[in-house]
Structures are given as C-alpha cells and as structure tokens.
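The values are calculated or read from the model by the stated rules, or taken from the named source; none is laboratory data. All values reported here derive from a predicted model rather than from experimental measurement. Cβ sites come from the backbone with ideal geometry, for glycine too, and all protein chains shown count toward neighbours. Side chains included, ligands, DNA and RNA excluded: accessible areas come from the protein's heavy atoms. Shrake-Rupley method; radii C 1.70, N 1.55, O 1.52, S 1.80 Å.
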Amino acid sequence: MKETKLAELMQQMTTEEKIGQLTQIKGDAFFSHQPNTGPKTHDLVLTESQLWQVGSLLNVAGYQKVKQMQDAYLAHSRLSIPLLFMGDVIHGYQTVFPIPLLQGCSWNPELVAKCAYISALESGYAGIQVNFSPMVDLVRDSRWGRVLEATGGEDPYLASLYGASMVEAYHQAGMACCAKHFIAYGAVESGMDYQFVDISRRELFSYYLPPFQSCIQAGVDLVMTAFTTFEGIPCTVHPWLLNALLRQKLDFQGILISDYSSLVETIAHGYSSSSKEAAFYGISSTLDIEMMSDCYLSSLSFLFDSGFVNKKLLDESVWRILSLKNRLGLFENPYGLANEEKEKHFILSAENLKTARLFSSESFVLLENKHHLLPLTSQSKIALIGPYADNQGISGAWSIYNEKNQNTVTIKQAFLERNLDFLYAKGSSVLPEEEINFILSMEGNSPISPSPSSTLQEMQQEAIEVANQSDVIVLALGEHYKQSGEGASRSMIDLPSIQLDLLRLLSSLGKPIVVLLFSGRPLALKEVVPYLDALLWVGFPGTEGGHAIGDVLFGDVNPSGRLTMSFPQTTGQNPLYYNHYSTGRPADQHSPYRYTARFQDIPPKPFYPFGYGLSYAEFEYKALTLSKTTLSLDLEKNDSLTVSITVKNSSSIAGKETIQLYIQDCFASVVRPVKELKHFQKVYFAPDEEKKISFTVTLSDLMFWNQDLAYIVEPGEFKVFVGRNSEDTLEAKFVVSPMSN
Ligand code: BGC
C-alpha cells in the first residue's frame, strides 16, 4: 500500500482502535475468545471489543491456526487492518538447531545466518511474521539461565557480528525481527534473573551497546526492552535509554516493544505507582507496543483526553506499527509467508536436517582429549551410558514450537543407525525426582510420571555391568534442560551430584571414558574432569544432536568449536570474562602472591578460557610479524598495518582452526581491558598444510569510549596477540603516533 493510503487509513482510525494496535496478547486466549489470563505477574482481561482491536499476537503458529485467527479478526476489524503474528523462534522452529550459545561456538557467522534463514522460512510458512530474535545480550555470569540464548557469549564483537548476520538472514527470508533485550539484561546482579543491574554509561557503551548498534545498522525492525533497570529506572520506560540513546543517537526508527508484561512490572519495581503512570512513562519514552499487560488499554485514553500526553505520540507509534504491517505486505496478503503446502514440505525437510546436523557438529567444543582417545573407531565395543544417552530433551529449552522433540535423534538411535557394537544403560536420571518435580512445579507443571521401576542403585549396577563388557565408556551427562533458560538461574553451576557419582563409579573400573556434556551454560567442571579422558561440550544440540555427536565421536567431522564464554573453575569465580579491565595488582599464575587480584582457593584463570577448543589435528603457531610498528593517528586516513602469522597443521588429520587476534591498549586515559577480540579467521587445513594468515588492523580497531563518552583513539603503545585462544597467543607491539609517518 502506498504511504499516502496508509496515512489516510490512519486518519480513519478511532483513538480506541489506535490504542489497540499498541497492545499485544497471547494468541491462544484470543482464539478461544476467552479473557486473556495468566501472564507471569499480572492478569490481563480484555473486553470483547478490545480483543478485536489488538494489534498483534504472541507465539501462535501453524498455518491453519494463523489463518483462522486472521480471518476471524479481519471479519471483526472495521478497517481491515491485519493482525501481526510475532513469536520466539530462538534456535529453530521444527528443525531445531543448537542453542544460540553453542551456535556461536562455531565461529561461523555464515552458518549461523543459514540456520536463521531456515528457521525464518519454517516458522514463516507456519504463519509467524516477526521473530523475537536475535538476543544480543552480552553474558558474563554463567549462573544466569539465559546465557544459553547469547550467540555472542561474553564478547561484544562476536555478538555484533552474529546479530547483524541473523538480522540479514531473517530479512532475506521475508521475516521481520527484533533485537533484545535493551539493555544490559545480561548484567543482572549475581546472575539472578530479573535482578538489579548497575553499570556505568561507559560500560554500557563499551560492551552492551555495540551489538544493538550493529543490529540497527543491519535494519532490525523492532527492539525489545529488558525486564531490568538501568541507573535505577526500568529499561521499559527509561527516557534517556529509549528517547535519547536509541531513537536519537542510534537513529532507531523501528518499533519498540516491551518484554512480557514489563510495562506493568514498573509498578512492582516501585517506579510507577499505577497503570496510568506506567502508561504515561511508556508512551512518553516512545514505547510502541505493550506486551501482555494492559496499562495502555486501560489508561491511554484518559491520558490523551486529560492532556497529560500529546496524541502525536500515539500517532507516531501507530504509524510505526502500520508501516511494518505494510512493509510485510500484510494489507495485500494478511497471512504473510504462511503457506500450507510449503509448511508441509519445507518443515523438517531432509535438506534442513542436513544443515542442522552439520551445524551441530561444527559447534561442539572438544575440551579434553587425553592420549588422543577420540576419535573412536567403530570397531571398539562401546558402553553407552547416561541420562542423556537416549533422551530427546537434548534439543534444548527454547524450542517452544517443538516441545515434545518427537523428531530429535538421540545418541542411542544414532549409534543403532551406525550398526555399532554397543550396550546401553541409563545409569542415573538427570536429577533426583524431587528436584525435577520442584522445577516443574515452579512453572505450574505436574510432576514427572511415577519413579522409574529401577532404583538408582539398580541403574548404577546395570551401568557397571554394561561398562565391564566394553572397551570404552561413552557417558552422556549434563544439567537438566529445564535448569537453563529464562527464570533458571542457578547458585551452583555444577554437574548434578547423582551424575558425578555415576562418573566416579564408572571411572573406578579403569576403562577410558568419553563424557558428552549437555548444558545451556558453562558448568564448573573441576570435580568432573579428573575422572574422564575425553570431554565434548555439546550444549543442547537440537534435532540432529544424536547424528552430529556420532559424526564427531567417530571422526567423520573433526571438531572445530571454540568457546565464546569462559568456563569457570568454580561457581564463585563468576562473573568471569576474558576482556576484563587491567588491575593494579594482576595475579601471576606461576608465582602465587597473596596481595594480588585472585581467589585463594583456585588458580587465577578460567578452567577453560574464551576461544578455547581442541581439534583432532594439531596446529602450530609461529612467526608473528607486523608490516610496520607505527600507525599514525589520522582518523580520516584510518591508518592500518598487517599482522601475519604462520599456522601449520602438524598432523595427518584435516581440520579447521580458528585463528584469533586480540588487542590491548597498554596505557590510556581510562583503564582498558587486558585484551579484546578484534578479528578472527576460521581456516581449513589439509594434513601437514602450512598457511600464512594475515589480518588488517586499523585505527578503528583501537577506538574506545573515554571518560567523557567520546569515542576516540589515543596515541601510545598497543599489544597485538594472535593465537588459538584468548590465553595461548604470540604477541607483538606497535605504537600509535600523534605524528604522521
Ligand atoms: C522473554 C522474551 C520473549 C518474550 C515473549 C519473555 O519472557 O524475556 O525474550 O521474547 O517472553 O515470549
């Protein structure tokens, strides 16, 4: 529709109709024509006429369902303005890809984009028009359950790269998308979800903002606010964050949407004293859509009529919403991409599953491989043990449209397909029954079905018998998939103790043990690693998880994943991130000294650092050289130098290596991080192949936010590090000179 027609349409709308556009409710309640109840913290009850005026629905999918809803809605809509269907397709629709945290470990933005594209098409054919992805929150504390959603992990550069690739991929598929959660949600105090956040503006600009900026530059359509606060004001109504920073400084022209009932929650925060006030703060901060609460519905009319708020703000919001509907072509075709034929044939297609399998295997991170135990030969007699060995829960917790995981390939199933000589025993449940039932009860779910016929001792005994008949034990362990995700913070990020008991028991048999570790977060593995020989972190790998695990275990795929979040020594080492600031008393790993920045009871380093991951191949790094050692401080010229390094695959196995380049600004007007990732290349090496790898470092790579929040480069000394992870690098120095050379 032409913009002029759209403007005409808007002129015909009543104030009530306009306010309706600003409200989003859950689809199912809408469909059943029942009052919409049961949001997490608030009851939402709409009148019949309000129901037929809401602008968008949340998390409804399936061609038939969407079509029926849209048709029913349009039959009631006076001006035939179509509904917008929004949803969370976080790591796949029916073809479930690895959880985002694991996806990021592929260090492969093209593959991340390809999977975003497939997810968009699968869910688009099923009627979803807007995806609440990418989540670009920076994460530093693995107690927080939502670290599993962070494709970029603890690094702003990776988060920016992945965020933009996902936005582009969604757009290519014809789907609109939403960057979330604005902002600094990942900085919740002590990793506890929804808790207080207190960071400085400089910290915000340096670490948390770049991924949003990158999504906005890529044309993201919506931004979702965070549940949390910034400088003591809830992000959902923060005038400086939303008006000054997002709209004005970053020039974000798209739709701002609250998180699930986060507008009404400003009352619980003790910021708004009533729904009226919440609505006032929301609309004044240019918050366009209120998700799952009714402050706008109940109060905006009053605020306009009494002159507290200028109606211009309403018109601007409605315009942004109608413009998106128009951009998606919904006035001509209200079903968007929805297509019954394509839904049938494209969803879970062989091609999509092939990509999912490839992606999972490319993301797994090999953490230990003592005596080159992996890859296994298919001749070995294997004991496949563990609560995740034959468990479709390996898909992960944010695949909400495929909760039953019926198509998920388990490890046992994949082993059967490979005709392996193996015996299976469960060995233990993921958690003791009372613990999982407590977690389920917190969501109002009924307890798991009555306890298994065998007791824990019987399960352990069976595992021992199976292990005794085998050459090698493959043990599938991990946290419960319900232990990560939203509202799933943990105060102890250990492997559940019943599983550690099983591992210890089996290790006493003296057989080699490969642990496949399932989790939505880095776990504290200090107590685990001494009992195993090989360790592969598989996150929650999605529909094709079993196949992909088989591919890596038996060497069809050489693992090439690298961590994007540091694994801590213990829970108490959190928050932990490689790009921390320099301290006046840095700890020396080799010479412990009390009065330095360290904990007494653990080494002053992560258990596995950022960027870490092993391969079946061996790579040597040598000859780090710089094309010059002085850059001139002329921002217009954006002076650059070339950093080169020689990398050799010194093994007879082909493999991919991720060569990482970090920079440290040694002295500056504000304290700078000890290092920051600036570039990387994921490169394929044939057996014995040697390659010279080059990177261009420019002045732009050296910029930072100073004390006055100016983005600058300062002259002085810099270090450049190149290597296989954030700790194992070669280094060189260069200077930025105020004089031109
Ligand atoms: C989450 C969002 C999500 C929304 C809608 C909220 O609880 O924080 O990430 O997009 O629900 O499902």
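Looking at the range 362-386 only, could you name the residues that are out of contact with any Leu (no Cβ under 7 Å at 6 or more places or on another chain) and part of a loop (DSSP other than H, G, I, E, B)?
373, 377, 379, 380, 381
Is it true that residue 672 is open to solvent by less than 60 Å² (accessible area, probe 1.4 Å), on the phi < 0 side of the Ramachandran plot and among the basic types (Lys, Arg)?
Numbers: open to solvent by less than 60 Å² (accessible area, probe 1.4 Å): yes; on the phi < 0 side of the Ramachandran plot: yes; among the basic types (Lys, Arg): yes.
Here the answer is yes, as residue 672 does meet what is asked.
Are any residues in the range 676-710 aliphatic (A, V, I, L, M) and either over 18 Å from residue 723 (Cβ atoms) or part of a loop (DSSP other than H, G, I, E, B) (or both), and if so, which ones?
686, 699, 702, 703, 709, 710
Name every residue in the range 181-213 that is within 15 Å of the ligand (Cβ to nearest atom) and either outside any helix (DSSP H, G or I) or at pLDDT below 95 (or both), in order of residue number.
Result: 181, 182, 183, 184, 188, 192, 193, 194, 195, 197.
Which one is nearest to residue 586 (Cα to Cα) among residues in the range 675-697 that are hydroxyl-bearing (Ser, Thr, Tyr) and within 29 Å of the chain's Cα centre (by Cα)? Let's see the steps before the verdict.
Of the range 675-697, the ones hydroxyl-bearing (Ser, Thr, Tyr) are 684, 694, 696.
Filter once more, keeping what is within 29 Å of the chain's Cα centre (by Cα): 684, 696.
Numbers: 684: 36, 696: 30 Å.
Only one residue fits best here, namely 696.
One line per residue, one yes/no per condition, for (1) within 14 Å of the ligand (Cβ to nearest atom); (2) modelled with pLDDT of 95 or more; (3) touching a Gly at 6+ places or on another chain (Cβ under 7 Å):
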site	(1), (2), (3)
60	yes, no, yes
70	no, yes, no
77	no, no, no
82	no, yes, no
87	yes, yes, no
97	no, yes, yes
100	yes, yes, no
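Each row is one residue, and each column tells you yes or no for (1) outside any strand (DSSP E or B); (2) within 14 Å of the ligand (Cβ to nearest atom).
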{"position": "111", "(1), (2)": "yes, no"}
{"position": "119", "(1), (2)": "yes, no"}
{"position": "123", "(1), (2)": "yes, yes"}
{"position": "140", "(1), (2)": "yes, no"}
{"position": "153", "(1), (2)": "yes, no"}
{"position": "159", "(1), (2)": "yes, no"}
{"position": "179", "(1), (2)": "no, yes"}
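Can you find, within the range 600-659, the residue that is nearest to residue 697 (Cα to Cα) among those that are among the basic types (Lys, Arg) and part of a loop (DSSP other than H, G, I, E, B)? Quick ask: steps written out before the conclusion?
Start the filter on the range 600-659 by keeping residues that are among the basic types (Lys, Arg), which leaves 605, 622, 628, 637, 648, 656.
Narrowing the set further to residues that are part of a loop (DSSP other than H, G, I, E, B) leaves 605, 628, 637.
Numbers: 605: 28, 628: 11, 637: 13 Å.
Taking the candidates together, the pick is 628.
Restricting the search to the range 231-282, which residues are within 16 Å of the ligand (Cβ to nearest atom) and assigned to a strand (DSSP E or B)? Write out each step before concluding.
Residues of the range 231-282 that are within 16 Å of the ligand (Cβ to nearest atom), as a first pass: 234-236, 254-266, 268-269.
Across the range 231-282, the qualifying residues are 234, 255, 256, 257.
Only one of 550, 572 is surrounded by 19 or more Cβ atoms within 10 Å (Cβ to Cβ) and outside the structural domain of residue 691 (by TED's automatic domain parsing). Can you tell me which?
Values: 572 fails: surrounded by 19 or more Cβ atoms within 10 Å (Cβ to Cβ).
On inspection, the qualifying residue turns out to be 550.
Considering (1) on the phi > 0 side of the Ramachandran plot; (2) exposed (fewer than 15 other Cβ atoms within 10 Å of the Cβ), say which one residue 611 fails and leave the rest.
With respect to (1) on the phi > 0 side of the Ramachandran plot; (2) exposed (fewer than 15 other Cβ atoms within 10 Å of the Cβ), residue 611 is out only on (2).
Residues that are loosely packed, with under 12 Cβ neighbours inside 10 Å and acidic (Asp, Glu), at least 3 per element: which helices (runs of 4 or more DSSP H) completely within the range 407-493 meet that? Full working, then the answer.
Details: elements: 411-417, 433-442, 456-468.
Answer list for the range 407-493: none.
Out of the residues in the range 161-177 that are in a helix (DSSP H, G or I) and more than 24 Å from residue 701 (Cβ to Cβ), which is farthest from the ligand (Cβ to nearest atom)?
Step one: of the range 161-177, the residues in a helix (DSSP H, G or I) are 161-173.
Add one more test, that the residue is more than 24 Å from residue 701 (Cβ to Cβ), and what stays is 169-173.
Numbers: 169: 18, 170: 14, 171: 19, 172: 22, 173: 19 Å.
This residue is 172.
Which condition breaks for residue 228 when tested against (1) within 16 Å of the ligand (Cβ to nearest atom); (2) open to solvent by 40 Å² or more (accessible area, probe 1.4 Å)?
Of (1) within 16 Å of the ligand (Cβ to nearest atom); (2) open to solvent by 40 Å² or more (accessible area, probe 1.4 Å), only one is false for residue 228: (2).
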